[in-house]
2 protein chains.
Amino acid sequence: MNTAIILAGGVGSRMGADRPKQFLLVQGKPIISYCFDIFQNHCEIDNIVVVVDEKWQDFVEEYAEKYGVTKICGYAPAGKTRQHSIFNGLKCTDKNAGDTDIVIIHDAARPLVSDKIISDCIRGATECDGAMPVISVKDTVYQSKDGKNISSLLKRSELFAGQAPESFKFKKYYQIHKDVTDDEIGLTAGSSEIAYRHGMEICMVNGSERNLKITTVEDLETFESILKGVN
Amino acid sequence: MNTAIILAGGVGSRMGADRPKQFLLVQGKPIISYCFDIFQNHCEIDNIVVVVDEKWQDFVEEYAEKYGVTKICGYAPAGKTRQHSIFNGLKCTDKNAGDTDIVIIHDAARPLVSDKIISDCIRGATECDGAMPVISVKDTVYQSKDGKNISSLLKRSELFAGQAPESFKFKKYYQIHKDVTDDEIGLTAGSSEIAYRHGMEICMVNGSERNLKITTVEDLETFESILKGVN
């Protein structure tokens, strides 16, 4: 069984809006609902777990009903960091999970993920222990240990920017979260990082520039103009 | 003496426009002219060398005259790569250069660099061998040697995205270019990279998100809206 965990726990808004970005209405529909549509309509996704701050759960349920999202099997509370939210989503997933299940962890604020990326991630997590969509890094990236002087060069061809959804063999990934300290969970920068650090083999699949995470007003405008092109 | 080398040799346009991006008119003025204004008006810049494809030199000269850019002391031809263009600019700079000179290498397509970044780069290249403005890396960056599986984790806090202008002690930097092979120049991804690889100490100064390189239509729109806010 393949469960999508949709992370909608963020409460901040760099856009200065009245609500977290994933709940902003675009053409009358919340961003998270665009995201739900993709997972609802994807034939390889069986269940959806939503991680959301309690005060937004009614809002999410209302729109899920309005747009016919029937795969939601549970809600988990938001954690103090993204990775804590993931852990909460994993706990909720565990209630129905079998030994060979795959979990697909996505951000509600990435409403343009393609069906192909989701399928590739599921296949990747089946063949390896996990899979992550990546795009190439456009910047010239330098490493500095002290934050003052360059301390080493990195080959751009070996660098990849991680996107979501990141997908994992559920049991292995969940076990890591139960084994490590709360501090380690809090210090995790990417959901594949903690997996790799604890011995899971993570493969990369092709992400897409289009699979953007809506963070700024410019991102929102890009999303709107893509929607206009699509509809 | 401090010489700014302005790189305007690029001929491509990802924007599908009729000319390279640095020559696009914004409010009737080429992007490169906004860039010239900053260096022309900066009290620590003595000379400007322009690296430009020969067929655009008349265009550049015409607008330089129109907007009163008096610091241009020479033109150098565009090279086959960005770093080859830099080498051409260095050769042109060498005609007037003294032993303690600093060279400040900037992209014509970054017309929003601040006076402070330029001053910081000059000071940095005086105190170290070179200086580069950087911003933090927003993506979660993973390293993969084979392009298939994650092979190591990078600490985001130790990663920095390089911007321009990069600044160097002229004599040392120029000598490296004379010493290395043409292939090595061609394979250089960032102008600080070749300096660091050959033993120059490169410090980092604070860059800015605003100091964007105009590459896409979205970047151009951002530049236009910033201009409207400023003017």
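Things worth noting here:
- Computed about its Cα centre, the charge dipole of the range A:1-159 is approximately 760 debye, with only Lys, Arg, Asp and Glu carrying charge at their Cβ.
- For a modelled paramagnetic label at B:Asp58, 7 Å from Cα along Cα-to-Cβ, no residue of the range B:82-99 is in reach, as no backbone nitrogen comes under 16 Å.
- Treating each Cα of the range B:3-106 as one equal point scatterer and applying the Debye formula with no solvent, the log10 of I(q)/I(0) at q = 0.17 Å⁻¹ comes out as -0.74.
- Estimated from helical segments only, the mean residue ellipticity of chain B at 222 nm is -11000 deg cm²/dmol, where each DSSP H run of four or more residues counts as -39500 (n - 2.57).
- Remark: the range B:87-97, residue by residue, has Karplus-estimated 3J(HN,Hα) of 4, 4, x, 5, 4, 5, 5, 4, 4, 10, 8 Hz, where x stands for each Gly or Pro and the curve is 6.51 cos²θ - 1.76 cosθ + 1.60 at θ = phi - 60°.
- Spacing of the two label points (7 Å from each Cα toward its C-beta) at B:Val217 and A:Glu201, in nm: 4.3 nm
- When DSSP beta bridges are restricted to pairs lying wholly in the protein assembly as shown, around 45% turn out antiparallel.
- Pseudo-label separations to other copies for A:Asp94 - Cα-to-Cβ vector, 7 Å, nm: 6.7
- Per-selection Kirkwood Rh - the range B:150-214 (Cα, Å, 1 d.p.): 13.9 Å
- Residue list for the range A:74-95, given a label point 7 angstrom along the Cα-to-Cβ vector of A:Lys178 and an amide N cut-off under 18 Å: A:84-95
- The per residue volume of the convex hull around the alpha-carbon atoms of the range B:97-213 is 134 Å³.
- Across all directions, the average flat footprint of the convex hull enclosing the Cα atoms of chain B is 13.5 nm².
- Evaluated at q = 0.23, 0.33 Å⁻¹, the base-10 log of the normalised Debye intensity for the range A:37-85, with identical point scatterers placed on the Cα atoms, takes the values -0.89, -1.20.
- Diffusion constant of the protein assembly as shown at 37 °C, which comes from Stokes-Einstein with the Kirkwood Cα-pair radius and 0.692 mPa s, µm²/s: 136 µm²/s
- Distances from A:Gly199 to itself in the other copies, using label points 7 Å out along the Cα-Cβ axis, amount to 4.6 nm in increasing order.
- Antiparallel bridge percentage (DSSP; both residues within chain B; nearest 5): 40 percent
- 7 Å along Cα→Cβ, label-point gaps from B:Tyr67 to other copies, nm, shortest first: 4.5
- Multiplying the residue separation of A:Ser208 and A:Lys80 by 0.36 nm and subtracting their alpha-carbon distance yields 43.2 nm.
Computed from the coordinates by the stated procedures, all read-outs in this text should not be read as laboratory data. Note that the coordinates shown come from a computational prediction; the quantities given were computed from them, not determined experimentally. Note that we place each Cβ from the backbone using ideal geometry, even for glycine, and neighbour counts take in every protein chain shown.
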